[in-house]
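Since the structure comes first, as structure tokens, the remarks are kept for the end.
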Amino acid sequence: MSEVSISQQVLVSLRQIIRALDLRSRQLEKSVGLTVPQLIVLKEIAEAGEAPIGQIAKRVSVSQATVTTVADRLEQRGAISRKRAESDRRKVYVQLTPYGEELLAKSPTILQEEFLDEFEKLVDWEQTQILATLQRVAAMMNAQGLPATPLLTVDSLADPPIEVADPGEA
């Protein structure tokens, strides 16, 4: 029986990471009907209170167009509302609705939150080493130019019970 090479072990680890992300994403969609980017944007809007889309985009490190698309879907679901600024009618602010607050309260944590909690426990050199290694892996997979899903920058929420009534069903 031959030993598993280091390169094969790396590929197995990458597949495990991808699988963990996929499973958690499916759990989120099944439990509250949100995608990971939607939940991240929803959490950022909650953190900001009331903010323009551009500010939310900067905070989650994606384009304004991406956040606008996510916000459109969240607004269609009744999770956020938009409001024009009184002083400058061109500026539009987003904010959570009571239904959006309920979705957040009922949403499970996402894997990013757990990762960030553990990553912050590492010493600086370990964090830097992981970053450099992952950047190299991304380059080896020709993925360094691909857009990423939104980064999570808000605090973790506890895993609450998972049952949310859609306002359209009331």
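The values are calculated or read from the model by the stated rules, or taken from the named source; none is laboratory data. Quick caveat, the model's predicted, so the values are computed rather than measured. Using ideal geometry, Cβ is built from the backbone for each residue, glycine included, and neighbour counts are taken over all protein chains shown.
Considering only residues in the stretch 102-118 that are in a helix (DSSP H, G or I) and in contact with a helix residue (DSSP H, G or I) (Cβ under 7 Å, 6 or more places away or on another chain), the one that is nearest to GLY78 (Cα to Cα) turns out to be LEU103. Of the candidates LEU34, LEU28, LEU21, LEU14, the single residue that is on the phi < 0 side of the Ramachandran plot and assigned to a loop (DSSP other than H, G, I, E, B) is LEU34. Can you work out which of the residues in the stretch 104-121 that are among the hydrophobic types (A, V, I, L, M, F, W, C) and farther than 15 Å from GLU47 by Cβ is surrounded by the most Cβ atoms within 10 Å (Cβ to Cβ)? Among those residues, the one meeting the criterion is LEU111. Pairing each residue of the stretch 91-112 that is more than 21 Å from ILE53 (Cα to Cα) and without any contact (Cβ under 8 Å) to a residue 40 or more places away in the chain with any residue that is buried (at least 16 other Cβ atoms within 10 Å of the Cβ) and not acidic (Asp, Glu), provided the two are 6+ apart or on different chains, yields no C-beta distance under 6 Å.
Evaluating MET1 against the criteria (1) part of a helix (DSSP H, G or I); (2) modelled with pLDDT under 90 leaves one unmet condition, (1).
All conditions but one from (1) in contact with a strand residue (DSSP E or B) (Cβ under 9 Å, 6 or more places away or on another chain); (2) more than 17 Å from GLY100 (Cα to Cα) apply to ALA51; the one that does not is (2).
Can you confirm whether GLY54 is surrounded by 13 or more Cβ atoms within 10 Å (Cβ to Cβ), over 16 Å from the mean Cα position of the chain (by Cα) and outside any helix (DSSP H, G or I)? Step through it out loud before you land on a result.
Values: surrounded by 13 or more Cβ atoms within 10 Å (Cβ to Cβ): yes; over 16 Å from the mean Cα position of the chain (by Cα): yes; outside any helix (DSSP H, G or I): no.
In short, no.
From the residues in the stretch 130-167 that are farther than 16 Å from VAL10 by Cα and either at pLDDT 90 or above or among the polar types (S, T, N, Q) (or both), which one is surrounded by the most Cβ atoms within 10 Å (Cβ to Cβ)?
Of all residues in the stretch 130-167, those farther than 16 Å from VAL10 by Cα come to 142-167.
From what is left, the residues that are either at pLDDT 90 or above or among the polar types (S, T, N, Q) (or both) are 142, 144, 149, 153, 156.
On the way: ASN142: 8, GLN144: 11, THR149: 16, THR153: 14, SER156: 14.
That would be THR149.
If you check GLU86, GLU126 for being among the charged types (D, E, K, R), surrounded by fewer than 16 Cβ atoms within 10 Å (Cβ to Cβ) and at pLDDT 95 or above, only one passes: GLU126.
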